[in-house]
1. Quantify, in whole percent, the carbon and sulfur part of the accessible surface of the chain (1.4 Å probe; protein heavy atoms only).
2. Could you list log10 I(q)/I(0) for the chain at q = 0.17, 0.18, 0.21 Å⁻¹, which the Debye formula gives when each Cα is one point scatterer?
3. Compare TRP91, TRP34 by solvent-accessible area with a 1.4 Å probe and give them largest first, with all protein chains kept in place.
4. Using alpha-carbon pairs under 8 Å, 6+ residues apart, how would you state the relative contact order of the range 2-95 in percent?
5. Just to confirm, what accessible area per residue do you get for the chain at 1.4 Å probe, in whole Å²?
6. Run the helix sum for the chain: -39,500 (n - 2.57) per DSSP H stretch of 4+ residues, divided by residue count, reported at 222 nm to the nearest 500 deg cm²/dmol.
7. Sort out the exposed loop GluC sites (Glu not before Pro) in the chain (DSSP loop, at most 16 other Cβ within 10 Å) and tell me the longest stretch that has none.
Amino acid sequence: LMSGVKNNVGRGINIALVNGKTGELLDTKFFDMWGGDVAPLIEFLKTIQDGTIVLMATYDDGATKLNEEARKLIAELGSTSITNLGFRDNWVFCGGKGIKTKSPFEQ
């Protein structure tokens, strides 16, 4: 879904969206949480549709620019670790929009 070869990964939070019914890749994005702005990440998270599987992974620093709103939106996808994510922490997460439980995979 994501790789340096496809040139769709970068510093910060890398996200892949997958259709929960068909397994089709819907979108990939990365958001620089060191030198970038958190606003585009927040807007992107708000557009995710119910039934979408959300895969996230950090590279380098994924936490410096995260604010309370961004952390809350990620927690609503099933993350329990996002509230504690700090500078240069490694983090991978699989969740989904509209799920009623916590993530089956997060480290």
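1. On the way: 3210 of 6060 Å².
About 53 percent, which is the carbon plus sulfur part of the accessible surface.
2. Normalising to I(0) and taking log10 leaves -0.72, -0.82, -1.15.
3. Values: TRP91 10, TRP34 125 Å².
Accessible-area ranking of TRP91, TRP34, largest first: TRP34, TRP91.
4. 29
5. Working: 6060 Å² over 107 residues.
Accessible surface, normalised per residue, equals 57 Å².
6. Working: 2 runs with 16 residues, N = 107.
Mean residue ellipticity, 222 nm, calculated: -4000 deg cm²/dmol.
7. Working: sites that count: GLU24, GLU76.
Free of exposed loop sites, the longest segment is 25-75.
The values are calculated or read from the model by the stated rules, or taken from the named source; none is laboratory data. Values in this document were obtained by computation on a predicted structure and should not be read as measured data. Neighbour counts are summed over all protein chains in view; Cβ atoms, including those assigned to glycine, are modelled from backbone coordinates with ideal geometry. Surface accessibility is based on the protein's heavy atoms, side chains included, excluding ligands, DNA and RNA. Shrake-Rupley method; radii C 1.70, N 1.55, O 1.52, S 1.80 Å.
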